[in-house]
């Protein structure tokens, strides 16, 4: 009998159920946080697109906000309206740099469980008509 027990290997039913519960909780958390990550990526792409446009160096704050809002519409992102973008967007010169910089800062929130939210503080600065600056 002793020899039979030593040769058995594997996971117990309790261990397998525990592992499935942990993996399931991680999967659900990832699915609930995906919209935050996806929105961040869409905003990054829109800002790079506006910064790469030929007239980017001459854009005013309102023109940049309008172009960003158009990019958001194309990407089907409805969490920021044009009015929100105008409030949150900053366009101006920075010391030590020749060109203008476009800066967008805000919080992206997504509910996780009950009253617990996932929050991403978004802050990205892009040089208009040039390379990205963080």
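The values are calculated or read from the model by the stated rules, or taken from the named source; none is laboratory data. Computed from a prediction, not measured in an experiment: that's the story for all the values here. Using ideal geometry, Cβ is built from the backbone for each residue, glycine included, and neighbour counts are taken over all protein chains shown.
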### Close pairs from the range 11-37: first under 15 Å from residue 111 (Cα atoms), partner surrounded by 12 or more Cβ atoms within 10 Å (Cβ to Cβ), Cβ under 6 Å, at least 6 apart
32/112; 33/118; 35/110; 36/108; 36/110; 36/118; 36/120
### Task
Report yes if some residue within the range 90-105 is in contact with a helix residue (DSSP H, G or I) (Cβ under 7 Å, 6 or more places away or on another chain), surrounded by 13 or more Cβ atoms within 10 Å (Cβ to Cβ), touching a residue at least 60 places away in the same chain (Cβ under 8 Å) and under 14 Å from residue 40 (Cα atoms); otherwise report no.
yes
### Message
Just checking: which of the strands (runs of 3 or more DSSP E) contained wholly in the range 18-134 hold 3 or more residues that are under 13 Å from the mean Cα position of the chain (by Cα)?
### Response
100-113, 116-127
### Message
Looking at residue 21 and the list (1) surrounded by 12 or more Cβ atoms within 10 Å (Cβ to Cβ); (2) modelled with pLDDT of 90 or more; (3) out of contact with any strand residue (DSSP E or B) (no Cβ under 7 Å at 6 or more places or on another chain), which single condition is not satisfied?
### Response
(1)
### Message
Criterion first (without any contact (Cβ under 8 Å) to a residue 60 or more places away in the chain and loosely packed, with under 14 Cβ neighbours inside 10 Å) does residue 76 satisfy it?
### Response
yes
